[in-house]
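Every number here is computed from the coordinates shown, using simple stated rules; none is lab data. The structure displayed is predicted, hence computed values, not measured ones. Here Cβ is always computed from backbone atoms with ideal geometry, including for glycine, and neighbour counts include all displayed protein chains.
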Amino acid sequence: MLLIFGGASALERWVTPHHLWRFTCHAQGYLSHAQSHAAPSDVMLLLEIDHQQASLHYQLDSNAALLEFAIFQGEVAHVDLGSLSYQLALVTKALQWQENSSLHPYLINELSLNEIGLQLLARLPIQVQILNVDSDHSRATLKFIPSNNLWSCQVVSADLHH
């Protein structure tokens, strides 16, 4: 029985394309507590790993209007398939903050950065671990290290034609 379970587990890891991942993650009303006078704010995270390239896009919306965003792009520096951890070497490509930003301090915490890390063209190392993927590969749990922030995400098909 142990041999069958081990073989099935190894086969699942081998069949799953660890070099292509696309995640969309939403947190509805997550940052609403930060500004009690503001309308509820939703945070969206898009993470894409395509072989050795990676991108991370955060945006803050309120009433379907884009308020703030941050886009990071770069490469996959290291992959640990045993723990499904990805060490990303990203560069800050685009930022848009509001006065009294809610997204800015959130990203400093989640990505374990300082102010310099959230400036255009700043280089930053980010480690993301895929903790769990459901049996039909439609949902996954992502963990940002070392902040230990968790996201529950939809897994988007790696086939760009679908």
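Pop a pseudo-label 7 angstrom from the Cα along the beta-carbon direction at both residue 51 and residue 99 and give the gap in nm to one decimal.
Going from the residue 51 label point to the residue 99 one covers 4.7 nm.
Place +1 on the Cβ of every Lys and Arg and -1 on the Cβ of every Asp and Glu in the stretch 19-155, take the dipole about the Cα centre, and give the residue among 97, 141, 60 whose Cα lies farthest towards its positive end.
Result: 141.
For 144, 69, what's the fewest-to-most ordering of other Cβ within 10 Å of each Cβ?
In increasing order of surrounding Cβ atoms, one gets 69, 144.
Can you tell me the dipole magnitude for the stretch 19-155 around its Cα centre, using point charges on the Cβ only (Lys, Arg +1; Asp, Glu -1), in Debye to the nearest 20?
With Lys and Arg at +1 and Asp and Glu at -1, about 120 debye.
Working out 0.36 nm times the residue gap between residue 78 and residue 156, then minus their Cα-Cα distance, what length gain in nm do you get to one decimal?
Gain on stretching residue 78 to residue 156: 25.9 nm.
Give me the one-decimal nm value for the distance between modelled label points at residue 119 and residue 132, 7 Å along each residue's Cα-to-Cβ direction.
Between residue 119 and residue 132, the label points sit 4.1 nm apart.
How would you rank 150, 46, 107, 121, going from fewest to most other Cβ atoms within 10 Å of each one's own Cβ?
121, 150, 46, 107
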